[in-house]
1. Calculate for the chain the 222 nm mean residue ellipticity that helices alone would give, adding -39,500 (n - 2.57) per DSSP H run of length 4 or more and normalising by residue count, nearest 500 deg cm²/dmol.
2. Calculate, in nm to one decimal, what Asp352 and Glu157 gain on full extension: separation in residues at 0.36 nm each, minus their alpha carbon distance.
3. Quick one: helix 3-19 against the long Cα principal axis of the chain, what's the angle to the nearest 10°, folded into 0 to 90?
4. Measure of size requested: the Rg and Dmax of segment 28-86, with Cα atoms as the atom set and Å as the unit; please supply both.
5. About its Cα centre, how strong a charge dipole does segment 208-283 have in debye, to the nearest 20, once Lys and Arg get +1 and Asp and Glu get -1 at the Cβ?
6. For Cα pairs less than 8 Å apart in space and 6+ apart in sequence, what is the mean separation divided by the residue count of segment 256-365, i.e. the relative contact order in percent?
7. At a 1.4 Å probe radius, carbon and sulfur cover how many percent of the accessible area of the chain?
8. Computed from these coordinates, which is Rg and Dmax of the Cα atoms in Å: (i) 30.2, 108; (ii) 22.1, 70; (iii) 27.5, 88?
Amino acid sequence: MQTKVLILFAQQVVKTAFGNKAVLLLMTLVAALLVYATVTGVMTYRQQMEGVIKFQKEVREHWEEMPDKHPHRMAHYGYIAFREKHPLSIFDFGTESYTGNAIFLEAHRQNSANFSEASFSTGLLRFGEISMATVLQVLVPLVLFFIGFGAIATDRENGTLKLLLSQGASWKEIIVGKAMGLMAVGLCFLLPAFLLLIGGLLFSASGWTADEGVRLLYLLLTYVLYFAIISTTAIIVSAIVKKAKVALVALIGVWLLFAVVLPRTTQAIGTYLYPSPSRIAFETEVEKEVLKLGDSHNPDDPYFKKLKDSVLKANNAASIEELPFNYSGFQMREGERLTSEVHSRHQSRLLDIYRQQNNVSRLSAFINPFAAVKNVSMAMSGTDFQSYVRFGEQTEDYRYRLAQHMNELQIKLVSNKKLASADKPYSISSDYWKAFPDFKYSGLNSAQAAGGEALSFLALLFWAVLLLVTVTLLSKKLKAV
């Protein structure tokens, strides 16, 4: 292939696109949507981060203001952990609007995240939100299809294609050159979008990290490859179909298949193949298993009665009062261990079901490049399912350490002596819970996020290779009429 010929075909596509008033109007509308999505993304990020910082500070202040009291009462008083949004969430909202960003942490129980945007919104949220990622993933490909449908089909209809081939241009040069031109139009959306994103990051975030720079690079390369796939697909369809109108209808059908039909279908298939229990059914099952183990708050419970007898025997004590540590705290520690194991086991099974459902979507990326770029985009923006799971894992670790810390304080500092009715309840200094560190969420780094979407990256490369092979094969079989 001759470079000059490729450039000429590319320039012709670009010139035609920018010379069409209807196309220019459409491109202007999409550009306006990109600006709107950037502004709303930055505003949402700033508002939610201000709320997270404010409420996390209030929670900590209330925690430290608690007076001297029994440590187990503090374990039940609980704590609230908040998840900070990733700065790149201004680009792709992902699952953020549905998963919640705050969890109430208490002894003997694992709660789910609350206060999602969806819980405060109307039913219109189900139709999606306008984010920068949505515009680039869904609307820009539609514009590229609208520009590229007649790139070769129109030349075939008016006889220009015969002339080009008779003058020595090859089919491969025509297809590749025009795909390059359509790709250049796509970059006219992509590059300004990333400049807007960088500006939004500088305006909204307190600092710039190397990890965010790596994520931006991943995003840029992913969308470049995605637009290359979309552009080549448009030109191939235009080359195969004999009439431009038919090519337009075919490309609109491809867009609907990629952006609407397949995502909904694969989601339904995943749910059908790997059904998940309802929240009520899940919590009921957990509660049943916890009740079978025993109630650490009931001194007459069979399991904990055996535990008490074994502890007394091991310490050569006739009664709890003779033990060198607080037995009630010891019993609560054991109860917390048992209930946490049950909760964690059931939660792990539930997350495995969700992962299997998500894997169906990941595999669908080999027949739908939209699914691949969507998964990578969410992962790099820190708004994917795996980021939500990490938040849950860290909050559970914090909750368990907090509960067991209070139990340890009770074991060491509270007497076994029974209180008389006139005595004040046992309490310890509030300095002990003031010293317990605040919760701090630590998200996935760029390498971990990219590793989790290795299948999606592979799917995009598969599509690139498939289209290259298709172009090579078609260039030997296509005809000018």
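1. After summing the helix terms and dividing by residue count, I get -22500 deg cm²/dmol.
2. Net length gain for the segment: 64.8 nm.
3. 80 degrees
4. For segment 28-86, the Cα-based Rg and Dmax read 19.1, 65 Å.
5. 520 debye
6. After rounding, I find 48 percent.
7. The computed percentage sits at 63.
8. Given (i) 30.2, 108; (ii) 22.1, 70; (iii) 27.5, 88, the structure-derived one carries the label (i).
The values are calculated or read from the model by the stated rules, or taken from the named source; none is laboratory data. Model, not experiment: these values are computed from the prediction. So basically every Cβ, Gly included, is an ideal-geometry build from the backbone, and we count neighbours across all protein chains shown. Accessible surface is based on the protein model in full, side chains and every heavy atom, while ligands, DNA and RNA are left aside. Shrake-Rupley method; radii C 1.70, N 1.55, O 1.52, S 1.80 Å.
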